[in-house]
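The values are calculated or read from the model by the stated rules, or taken from the named source; none is laboratory data. Predicted model only: the values in this text are computed from it and were never measured. Using ideal geometry, Cβ is built from the backbone for each residue, glycine included, and neighbour counts are taken over all protein chains shown. Accessible surface is based on the protein model in full, side chains and every heavy atom, while ligands, DNA and RNA are left aside. Shrake-Rupley method; radii C 1.70, N 1.55, O 1.52, S 1.80 Å.
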Amino acid sequence: MPELPDVEIFKAYLNRTSLHQTIGSVTVSDVRILEGISAKKLRSRLARKQILGSDRHGKLLFARVDGAHLVMHFGMTGELQYFKDEGKTPQYARVLIGFTNGFHLAYDSRRKLGRIRLVDEMDRYVAKEGLGPDALASDFDTFKGALESRQGYLKLALMDQHVIAGIGNIYSDEILFWAGIHPKHKTNDLDQKAWKRLFRAAQQVLHMAIRKRADPDRLPKSYLIPHRGRGGECPKCGAELRTVKIGGRRAYYCPNDQAR
Ligand SMILES: [Zn+2]
């Protein structure tokens, strides 16, 4: 499931491929992905316009188009594909933008649950959705203040997009691993030193994941992610990793390095 680092990579990809090209056609092959706008309206709003830039908040990507923002949420399996030959259109292209230079940009998602909409103001949309501050853009006080506001398990707070935006199941495990904190630790039970460790871990993990193109295979072997899975061992101490179910998700952790 795309998390902040994945969406940051999509953002760089969009910028590299699709900026400043005139949109010729917009084909919506699955209208269920559209929110608050019809396919016809989307076509008329985008036609003959250009994508001028992009922004990201949490797991949302915003493409700036002539005074509006095309908002993309990638759901479970969404991604972007840029290509020339229409015959190469991905099988699950839900929305296909054709540029007048002959290239195409597809929003592709094997499983649904993604969302696309057009909004006039990004900040107002983020506020209306009740999203927390972006995990990577937050300074220490913002990060701590946001997480502290939610009672309960720290891992649930980290994954709650209304608390802090961008982190999901995979990267919350990695952040807790580097902070040395058990996933069932409570938000009201951390001292200042632990908050500092958690903040530093979040920054380091997210930056590293972006540098490695959000590709788990490229992450350092000292990371937890390459060792997730049955029989995986802690890259620090060699102990067998344990799992615990939190909020319906399976958390991986090291029983030594993240003792309760
Ligand atoms: Zn360990």
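State whether one or more residues within the range 216-233 are in a loop (DSSP other than H, G, I, E, B), in contact (Cβ under 8 Å) with a residue 40 or more places away in the chain, open to solvent by less than 40 Å² (accessible area, probe 1.4 Å) and of a type outside the set (V, I, T).
Taking the range 216-233 and keeping what is in a loop (DSSP other than H, G, I, E, B), we get 219-224, 228-232.
Of the ones still in play, those that are also in contact (Cβ under 8 Å) with a residue 40 or more places away in the chain are 223-224, 228.
Those still in the list that are open to solvent by less than 40 Å² (accessible area, probe 1.4 Å) too: 223-224.
Subsequent filtering for residues that are of a type outside the set (V, I, T) retains 223-224.
Checked the range 216-233: at least one residue is in a loop (DSSP other than H, G, I, E, B), in contact (Cβ under 8 Å) with a residue 40 or more places away in the chain, open to solvent by less than 40 Å² (accessible area, probe 1.4 Å) and of a type outside the set (V, I, T).
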If you check every pair at least six apart or on different chains, which have Cβ atoms under 8 Å apart with a residue in the range 1-27 that is at pLDDT below 95 first and a residue that is loosely packed, with under 15 Cβ neighbours inside 10 Å second?
M1/M76
Candidate set from the range 129-144 (those that are hydrophobic (A, V, I, L, M, F, W, C) and part of a helix (DSSP H, G or I)); member that is least open to solvent (accessible area, probe 1.4 Å):
F143
For the structure I just gave you, tell me whether K11 is under 30 Å from D173 (Cα atoms) and of a type in the set (K, R).
yes
Quick test for you: out of L147, L176, pick the one residue that is crowded, with 21+ Cβ neighbours inside 10 Å, out of contact with any Pro (no Cβ under 9 Å at 6 or more places or on another chain) and either in a helix (DSSP H, G or I) or modelled with pLDDT of 95 or more (or both).
L147
Looking only at the range 196-215, filter to residues that are open to solvent by less than 70 Å² (accessible area, probe 1.4 Å) and within 17 Å of K155 (Cβ to Cβ); which one of those is nearest to the ligand (Cβ to nearest atom)?
A201
Some residue of the range 36-52 being within 21 Å of the chain's Cα centre (by Cα) and of a type in the set (K, R)
no
Near pairs, Cβ below 6 angstrom, 6+ apart or cross-chain, from the range 238-249 (free of Cβ contacts under 8 Å to residues at least 60 places away in the same chain and within 16 Å of the ligand (Cβ to nearest atom)) to any residue that is open to solvent by 90 Å² or more (accessible area, probe 1.4 Å) and in a loop (DSSP other than H, G, I, E, B)
A239/N256
When the residues of the range 237-255 are narrowed to those that are within 15 Å of D173 (Cα to Cα) and assigned to a loop (DSSP other than H, G, I, E, B), which ends up least open to solvent (accessible area, probe 1.4 Å)?
C254
